[in-house]
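Okay, so here's the structure we're looking at.
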Amino acid sequence: MSSATPSARRPGAGVSTTPAGSVRLDAWLWGVRMYKTRSAATTACRAGHVRLNGQPAKAAQPVKPGDTIRLRLPGRERILEVTGLVAKRVGAPEAVRHYLDHSPEPVPRELLAVPRRDRGAGRPTKRDRRQLDRLRGRTDPEPDLDRGLDPGLDPE
């Protein structure tokens, strides 16, 4: 049996590939509790939902204090400025000490809710549909002034 330590048996084990004073992006996002798992943070980076200093970010990119991270979460965008490094997951009160949140206010839940019709109210009328379109911010098409006329024919 060898009395060598586990890191001595594997070449490169225990050696950090990131520069001193930095942490992997996915590990930092997981550590400050932006994602439940580190693999979820990695997946978000691969999907293009995370930007580091304005550039699309890879999960292994080093993060250092002063960096700006933008991430898209369901229903919200977060803009974080890194103030401290975290390599392991920490509690919520400790996590907020390692970033400044510059995120815009979230959209109220009332605006995110989809309008629902009462059960048994039947199919929406044309008037109901137009009201829903206005509520959702869709514009009405231009009303056709010559409704009875074929556009290819001369009115005579």
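The values are calculated or read from the model by the stated rules, or taken from the named source; none is laboratory data. Treat the numbers as computed from the prediction; the structure is a model and nothing was measured. Virtual Cβ from ideal backbone geometry, glycine too; neighbours counted across all protein chains shown.
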When region 72-101 is checked residue by residue, the ones that are part of a loop (DSSP other than H, G, I, E, B) and in contact with a Ser or Thr (Cβ under 8 Å, 6 or more places away or on another chain) are L85
The lone exception for D128 - which of (1) at pLDDT below 80; (2) surrounded by 10 or more Cβ atoms within 10 Å (Cβ to Cβ) it fails: (1)
Any idea which of V82, V114 is surrounded by 10 or more Cβ atoms within 10 Å (Cβ to Cβ) and of a type in the set (V, I, T)? V82
Looking at P124, is it touching a strand residue (DSSP E or B) at 6+ places or on another chain (Cβ under 9 Å), free of Cβ contacts under 8 Å to residues at least 60 places away in the same chain and of a type outside the set (G, A, S)? no
If I ask for residues that are of a type in the set (K, R) and more than 11 Å from L29 (Cβ to Cβ), which ones from region 44-83 would you list? R46, R51, K58, K64, R70, R72, R76
Subset of region 88-100 (residues that are surrounded by 14 or more Cβ atoms within 10 Å (Cβ to Cβ) and closer than 16 Å to A40 by Cα): R89
Here are some conditions: (1) closer than 23 Å to G21 by Cα; (2) among the small types (G, A, S); (3) surrounded by 13 or more Cβ atoms within 10 Å (Cβ to Cβ); (4) out of contact with any Phe, Trp or Tyr (no Cβ under 6 Å at 6 or more places or on another chain). A41 meets all but one. Which one does it not meet? (4)
Against the conditions (1) buried (at least 18 other Cβ atoms within 10 Å of the Cβ); (2) in contact with a Pro (Cβ under 9 Å, 6 or more places away or on another chain); (3) closer than 17 Å to H102 by Cβ, where does L71 fall short? Just the number, please. (2)
